[in-house]
1. Using the structure shown, decide if D36 is surrounded by 13 or more Cβ atoms within 10 Å (Cβ to Cβ) and over 15 Å from the mean Cα position of the chain (by Cα).
2. Between R74, R150, which is more than 15 Å from the chain's Cα centre (by Cα), over 30 Å from W32 (Cα atoms) and not hydroxyl-bearing (S, T, Y)?
3. Examine segment 130-142 for a residue that is modelled with pLDDT under 95, within 21 Å of L20 (Cα to Cα) and among the hydroxyl-bearing types (S, T, Y), and state whether such a residue exists.
4. Identify all residues within segment 34-53 that are among the β-branched types (V, I, T) and without any contact (Cβ under 8 Å) to a residue 60 or more places away in the chain; write none if there are none.
Amino acid sequence: MESHVISYLESQRRGAQWELFLRSLAVSLQNWAPSDTLRKLMRDAGVHTGQDLVLPTCETLIDLEAAANEHWTRMGWGFVKIQEQHDCISITHDYAPLEAVFGREAMEWVGSFLEGIYQQWFVFLGAGDGLQVKQVGVSDTGALNYKFGR
């Protein structure tokens, strides 16, 4: 395992005060609404959170990644890698506490929260309506994968 990953994991001490509540809430939400509705709800919550987590001026993807990781480190929400691809920008978010708190079953929809945050940040940086952040999967290690593009 890479040293920055080990350092990050050692720095995290999660309190249990919200875990029971949030896991129970996730189960209730899944019982009350279909996954598509929950994805929209979480994306909307993410957009609002992205408005609250203000970014500095970012000239490059490296600047954006550094600014995002400042927020994530402060909050204990893992870290992100943002890379330009030939047809999109890939966003890989490692060690977000979503699965640990909401449970594996909720990963179908709860990752839309980060989708909304990243979308709002790209809008803040000047992205037009034609460019969207979309979750494209969860890796075997639990990393949430997104792409930003058309």
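The values are calculated or read from the model by the stated rules, or taken from the named source; none is laboratory data. Not measured: the values here are computed from a predicted model. Neighbour counts are summed over all protein chains in view; Cβ atoms, including those assigned to glycine, are modelled from backbone coordinates with ideal geometry.
1. It is false that D36 is surrounded by 13 or more Cβ atoms within 10 Å (Cβ to Cβ) and over 15 Å from the mean Cα position of the chain (by Cα).
2. Values: R74 fails: more than 15 Å from the chain's Cα centre (by Cα).
Of R74, R150, the one residue that is more than 15 Å from the chain's Cα centre (by Cα), over 30 Å from W32 (Cα atoms) and not hydroxyl-bearing (S, T, Y) is R150.
3. No: zero hits.
4. Of everything in segment 34-53, just one residue is among the β-branched types (V, I, T) and without any contact (Cβ under 8 Å) to a residue 60 or more places away in the chain, namely T37.
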